[in-house]
Every structure is written in structure tokens, then in C-alpha cells.
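The next block holds one structure in the form of C-alpha cells; read it before the comments.
What follows is calculated from the coordinates using simple rules that are stated; it is not laboratory data. Since the model is a prediction, treat every value here as computed from it, not as a measurement. Using ideal geometry, Cβ is built from the backbone for each residue, glycine included, and neighbour counts are taken over all protein chains shown.
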Amino acid sequence: MKIYNTLSGRKEDFVPIEEGKVRMYVCGPTVYNLIHIGNARPMIVFDTVRRYLTHKGYDVNFVSNFTDVDDKIIKKAVEEGVDASVISERYIEECKKDMAGMNVQPATTHPKATEEIDGMIEMIRTLIDKGYAYVAKDGTVYFRTRQFKGYGKLSHKNIDDLQGGMRSLLVTGEDQKEDPLDFVLWKPKKEGEPYWESPWCDGRPGWHIECSVMSRKYLGEQIDIHAGGEDLIFPHHENEIAQSEAANGKEFSKYWMHNAFLNIDNKKMSKSLGNFKTVRDISESYDLQVLRFFMLSAHYRSPLNFSAALMESTKNSLERILTCAKNLNYGIENAVKDDLSAEEEKQLTEAKRFVEQFDAAMDDDFNTADAITAIFDLVKFINTNTSEESSRAYLSGLKEELVMLTDICGLIVDRKEESLDEKVEALIAERQAARKNKDFARADAIREELTQMGIILEDTREGVKWHRAN
Ligand code: AMP
Ligand code: ZN
């Protein structure tokens with residue numbers, strides 16, 4: 001299996017540090033808003049990488065953080081007149097809902113920056129002790145970038161070119177730095193902002209230190225794969241390498257993977273252009289599987305353009321796979337023969353070539369675009385090589401293969417129809433939540449919807465009971 005490693009700038013054979021195990025860290029979102037479809041790209045891409053590694057038999061320890069202390073979170077908290085944690089907790093919950101909708105598996109651990117401050121203080125202390133960091137007069141702690149000899153190795157930047165570029169960025173308040181290249185590890189509190197005590201000043205961490213600390217705590221000093229969007233290569237990941245390798249004295253991550261950006265109607269997505277789309281917006285018109293399928297239709301290192309027309313055509317292509325699965329289910333239920341014929345046995349063996357085709361694409365730096373072609377080839381094979389005469393065993397064998405491949409992509413082709421009871425229970429739970437939040441209009445609307453469905457609610461001492469109207 002080959003992975004393109006940003007560090008070396010080429011595809012390399014994947015050899016994990018410990019046989020059979022993969023330690024993987026993906027930089028997660030800053031939680032101050034609903035996630036946008038750009039944020040969804042790394043989530044879907046690296047969830048698929050994780051699923052494929054698991055399919056190959058690796059035991060994957062997958063860590064992804066939530067950045068829950070940041071200027072944007074604080075700004076929103078001030079606007080709403082609430083604590084910063086109210087904002088971050090709200091958007092962590094919303095993010096988890098979107099992830100579930102896109103069938104992104106929860107990480108093995110989802111650490112939050114604000115819960116890891118002690119570890120950050122400890123690493124900063126080590127960096128100071130080792131001469132890689134220093135405390136300025138106002139208590140700010142800076143990383144002494146030039147002291148770290150490998151600086152620039154990930155982004156392939158020459159440190160002296162950076163020096164020229166950064167000089168113009170020198171702004172007031174930064175003049176306590178020894179060198180414009182130095183970056184913040186810890187900064188003093190400002191009025192009204194959340195802060196923690198530290199040996200240097202009451203304050204909060206710089207952005208980069210959290211990932212070095214959480215990665216070491218949950219995965220160890222050396223990890224196999226570190227990933228995120230390509231905007232993180234510099235400075236975020238470059239700085240993470242400097243911090244981790246300076247503190248631990250070991251290579252940090254063996255492989256660095258970065259997804260290219262998602263554009264919208266061939267333009268950069270941004271709030272000022274007003275072309276910003278959240279995952280929640282998409283969920284109003286589509287099953288989020290369609291968004292997932294769309295993201296995987298391109299290789300993760302190619303820029304991807306989002307448009308309404310492309311979503312429509314993606315929905316139609318996905319429909320072809322779903323219809324194939326539905327037809328197989330129908331055939332399995334209604335087959336007249338149980339056992340494989342000799343000819344069917346041959347066909348089933350023949351169909352294994354699509355698994356090989358799929359694996360070959362994924363082994364080549366997770367080429368999901370080609371892997372999806374293999375799935376379509378399998379669908380075509382199924383459509384032309386099955387009939388009412390097909391046996392149950394044959395159809396089941398084909399379905400198993402289709403489900404295995406789509407499952408690696410995180411696509412559910414065999415979605416169980418929600419039973420009426422489940423739907424009623426879900427509505428009742430939603431009504432309870434609405435009442436708790438004093439959203440009585442919503443609670444009444446749900447009761448009305450249930451009445452329309454012929455469901456009668458009874459508020460009893462033991463909770464809400466329901467029965468069908470006669
Ligand atoms: P942020 O919340 O800005 O730290 O971003 C969380 C993740 O989303 C990072 O891995 C970013 O690189 C990634 N990301 C942000 N915008 C885009 C985009 N337009 N396309 C692809 N990835 C993005
Ligand atoms: Zn990070």
C-alpha cells in the first residue's frame with residue numbers, strides 16, 4: 001500500500017511503526033459555528049482512510065481533536081453574552097450530529113484543548129528547559145524557531161525565505177520576539193477571556209501546542225499518520241513538528257497526509273463572498289450520503305469543485321448503486337432456488353476481480369475515484385448477470401461483495417427502513433426535549449403530528465406512554 005507523504009513529496013510504501021497497528025491523528029475543527037462543507041472533506045476522506053486500513057486488518061487508533069478555545073469562539077461568546085464553553089459545547093454537539101449524518105465514525109478519542117491544558121504547560125516547560133522556548137517580558141512564551149534545525153521540512157520552505165516573508169507581518173505586540181519567525185506557545189489573558197494559570201502568566205495556549213500534546217498523550221511520541229487539510233501544512237503542522245520533535249527528541253509522524261481544498265462554483269468558499277455552505281444546509285435537500293459520495297468521487301489530493309448540478313448528478317449515480325442493492329434484496333427474498341449452480345459459482349469467482357480492482361485503487365494512495373469505478377463495474381456485472389432464475393446463495397454472495405466495498409467508503413446501501421414504532425419513539429423523545437427547552441410550540445406541533453399518525457399520547461407519572469387510536 002502506498003501513501004503520498006507530504007514530508008518526502010512522493011508516494012511511499014506504508015510500513016507502520018508497530019506491526020498490525022496504526023496510530024493516526026487528524027486535526028479537527030475549531031468549534032464556533034456549524035461545520036461547512038470544506039471541513040467535511042477531511043472528515044470524510046480520513047474516515048475512509050481509517051475504514052480501509054481497518055479492512056486491511058490494521059488495528060487503528062484514531063484521534064481527532066476539537067479546538068475549543070480560540071479567538072473566533074471567544075468573539076461569538078461575547079456577541080451572545082455567554083461563556084465560551086457554551087459556544088464550543090453547542091458546536092461540538094452539532095458537529096457530532098453532522099458527522100453521524102455523513103456516517104463518519106466517532107474517533108477512538110476526541111480530546112478537547114481546554115481539557116488538556118496541564119499537558120500543554122508541561123510540554124512548554126520542557127521546551128523552555130531544552131532552550132527551544134523563552135518567556136518574554138509580558139509572560140508570553142515563544143518557540144525559538146531557528147533553534148529547531150528541521151524547520152521547513154514539511155512545507156519545503158527555506159527558513160531564510162520565511163524570514164523575509166514574515167518580517168512584514170511583524171505587528172505591535174510581537175516586538176518582544178527574539179526573531180519574527182518565533183511563534184506563540186502561551187499568551188497572556190485579555191480582559192473577559194477564558195484563562196488558565198501557568199508558571200509564566202495567567203493566559204491561554206497558542207493554537208499549535210494542543211495537537212503536539214494530545215497526539216503524544218493518546219498515541220505516543222511517534223505516530224504513523226498525521227493528517228488534515230492542506231492549509232494546515234504551514235504553519236500549523238510545521239510548528240507541530242518543531243514542538244514535538246524538539247520536546248521528544250524523536251521523529252513525530254512517519255506519514256503526513258493532506259487533502260486539497262473544496263471550492264464552490266469554482267470559487268474559494270468564504271463568508272465575505274456569501275457562498276458559504278454548511279453541512280446542515282446540504283442536509284435540508286439531500287441525504288448526507290450524497291455529500292459523502294461526492295467527496296469520494298475525486299482523489300483527496302485533487303481540488304474539488306462543489307456545485308448544485310454536481311450534487312444532483314452525484315445523487316443520481318448513487319441511486320444506481322442503491323437500486324442495485326434493493327434489487328438484490330428483492331431477489332434474495334423471492335428466489336425460487338436456494339443453492340448455487342456451477343455456472344453461478346464461476347460467476348461469483350469472476351466477480352472477485354472487482355474487489356481486486358477496488359483494493360488496487362485504494363492501495364494507490366487511497367484513490368477513491370478509481371475505487372468507486374470498481375463499485376460501478378460490479379453494479380454493471382450484477383445487473384447483467386442476475387435474473388429471476390438466480391439462486392439465493394448467488395445473490396447473497398454478490399450482495400455481500402457490494403456491501404463490503406460500499407461499507408469501506410462509508411456508504412450504507414442497505415439502510416433499514418425505520419419502523420413506525422421507532423419513528424414514534426423518536427418523535428416522543430424530541431417532544432420531551434422541546435418541552436424541557438420550553439419550546440412549547442414545537443412540542444405541540446409534534447403532538448399534532450403524532451395525532452395525525454393515529455398515535456395517542458398519555459403523560460403519566462412514569463413518563464409518556466402511547467397507544468394507537470382505534
Ligand atoms: P478549521 O476549523 O478551519 O481548523 O478546519 C478544520 C479542517 O477543515 C482542517 O483540516 C482544514 O484544513 C479543513 N478545511 C477547511 N476549509 C476547507 C476547504 N474549503 N476544503 C477542504 N478542507 C478544508
Ligand atoms: Zn493540529
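Roughly what % of Cα-Cα distances in region 114-245 sit above 23 Å, to the whole percent? Don't skip to the answer; put the middle values down first.
Details: 2734 of 8646 pairs.
I get 32 percent for the Cα pairs in region 114-245 exceeding 23 Å.
So if the hydrodynamic radius of the chain is defined as the Kirkwood radius over C-alpha pairs, what does Stokes-Einstein give as its diffusion coefficient at 37 °C and 0.692 mPa s, in µm² per second? Please list the in-between numbers first.
Numbers: Rh = 25.3 Å.
Calculated translational D: 130 µm²/s.
Given 4 °C and 1.567 mPa s, compute D for region 420-468 with the Stokes-Einstein relation, Rh being the Kirkwood radius over Cα pairs; round to the nearest whole µm²/s. Could the numbers behind the result be given before it?
Numbers: Rh = 10.8 Å.
Approximately 120 µm²/s, per Stokes-Einstein.
Work out, in µm²/s and without decimals, the Stokes-Einstein translational diffusion coefficient of region 308-408 at 25 °C, 0.890 mPa s, Rh from Kirkwood over C-alpha pairs. Write out the running numbers ahead of the final one.
On the way: Rh = 14.2 Å.
Here the translational diffusion coefficient equals 173 µm²/s.
At a 10 angstrom cut-off on C-beta neighbours, averaged per residue, how do the peptides 131-138, 18-25, 206-213, 224-231 rank from highest to lowest?
On the way: 131-138: 16.1, 18-25: 17.9, 206-213: 25.1, 224-231: 21.5.
Packing proxy ranking, top to bottom: 206-213, 224-231, 18-25, 131-138.
Can you grab the distance from the C-alpha centre of region 288-325 to the C-alpha centre of region 1-75, Å, no decimals?
21
Rounded to the nearest 5, what % of DSSP beta bridges with both residues in the chain are antiparallel?
On the way: 22 of 44 bridges.
For the chain, the DSSP antiparallel bridge percentage is about 50.
Please count, across region 365-470, the pairs of lysine residues with Cα atoms under 30 Å apart that sit 8 or more places apart or on different chains.
Total qualifying Lys-Lys pairs in region 365-470 comes to 10.
Place +1 on the Cβ of every Lys and Arg and -1 on the Cβ of every Asp and Glu in the chain, take the dipole about the Cα centre, and give the residue among 185, 409, 259 whose Cα lies farthest towards its positive end.
Going by the Cα projections, it comes out as 185.
What does the extension gain come out to for residue 333 and residue 202, with contour length at 0.36 nm per residue minus their alpha carbon separation? Please list the in-between numbers first.
Numbers: separation 131, 0.36 × 131 = 47.16 nm, distance 6.68 nm.
Here the answer is 40.5 nm.
Given the peptides 33-40, 46-53, arrange them by the average over their residues of other C-beta atoms within 10 Å, most packed first.
Order by mean packing, descending: 46-53, 33-40.
I'd like to know which of 349, 375, 35 lies farthest towards the positive end of the charge dipole of the chain, counting +1 on Cβ of Lys and Arg and -1 on Cβ of Asp and Glu.
Result: 35.
Between residue 10 and residue 423, take the C-beta separation as r, use R0 = 60 Å, and let me know the FRET efficiency to the nearest 0.05. The partial results should precede the final answer.
Numbers: r = 52 Å, r/R0 = 0.86.
Between residue 10 and residue 423 the formula returns 0.70.
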